[in-house]
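Data first, discussion second: the structure below is written as structure tokens.
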Amino acid sequence: RDTGGITVTVSSAPVTASVSPGWSLAGTTTVNASSGISTFTNLALSGMVGTNYTLTFASGVLTSATSNTVTVTVGAGAQLAITTQPVGGASGALLQTQPVVEVRDSGGNLVTTSGAAVLATISPSSGTLSGSTTVSASAGVVRFSNLTLAGLVGTNYTIKFTSTGLTEAVSNNLTVPVGAPSQVVLT
């Protein structure tokens, strides 16, 4: 607009959108004006629920415009995140710490409506993961309770958590410590 607030219909100036506080603004963030009007059609804001964001629209030396507060709501499940890392136990015994995994949206927000089934698998194949290896989320949280790892002492294992349509999560390394004495062997 000009200084009197009238739309300058001959303008084709590019207008760029940005978000504050900084997070992720996707889509076409720069649009050339048509008859003095820039129409944004596919902007997408990824951010944290509970944070107030504003959009700023700027074009060269023109005075910028700032939107009202924009809030983010929880999106669809997009990824898995480990909130409690597993800790190994003696071969064949329960893990010392059972893993906890969350279903999160693309912005990292917990998807409390998710009941997704999450599968835990071990790598490398010299280990065997037993117990309830598939657990469904309750309010977006998956709590494993009886996983055991039978494997070789000194080998680093990881547990991969997968669910259809979600980005997988892989645990930190876990090992099998030497177990309690159980036998005498003649050498």
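Taking amide H positions as placed 1.01 Å from N in the peptide plane, with prolines and chain starts having none, which residues 5 or more places from T84, or on another chain, fall under 5 Å of its amide H?
Those lying under 5 Å, H to H, from T84 are V100.
Report the label-to-label distance for W23 and Q98 in nanometres (one decimal), using points 7 Å from each Cα along the Cα→Cβ vector.
3.3
Using 0.36 nm per residue of separation minus the Cα-Cα distance, give me the extension gain between N156 and T54 in nm, one decimal.
Length gained, N156 through T54: 32.1 nm.
Quick one: pull the percent of accessible area on the range 2-160 belonging to carbon and sulfur, 1.4 Å probe, ligands and nucleic acids left out. Each step should come with its number before you reach the end.
Working: 4390 of 8390 Å².
Result for the range 2-160: 52 percent of the exposed heavy-atom area is carbon or sulfur.
Can I get the semi-axes of the chain's equivalent ellipsoid? Compute them from the C-alpha gyration tensor as square roots of 5 times the eigenvalues, in angstrom, largest first. Please list the in-between numbers first.
Working: eigenvalues 600, 43, 30 Å².
Result for the chain: semi-axes of 55, 15, 12 Å.
Ignoring ligands, DNA and RNA, what accessible area per residue does the chain give at 1.4 Å, in Å²? Before the final figure, lay out each step's value.
Details: 10690 Å² over 187 residues.
Each residue of the chain exposes 57 Å² on average to a 1.4 Å probe.
How much length, in nm to one decimal, is gained on full extension between A44 and S132, taken as 0.36 nm per residue of separation minus their Cα-Cα distance? Mind dumping the intermediate values first?
Details: separation 88, 0.36 × 88 = 31.68 nm, distance 3.81 nm.
Answer, rounded to one decimal: 27.9 nm.
Using the charge dipole of the chain (Lys, Arg: +1 at Cβ; Asp, Glu: -1 at Cβ; taken about the Cα centre), state which of V19, T164, V61 has its Cα farthest towards the positive end.
Working it through, the farthest residue towards the positive pole turns out to be T164.
The values are calculated or read from the model by the stated rules, or taken from the named source; none is laboratory data. This structure is a prediction, so every number in the text was calculated from the model and none was measured. Ideal geometry is used to build each Cβ from the backbone, glycine not excepted, and the neighbour counts take in all protein chains shown. Side chains included, ligands, DNA and RNA excluded: accessible areas come from the protein's heavy atoms. Shrake-Rupley method; radii C 1.70, N 1.55, O 1.52, S 1.80 Å.
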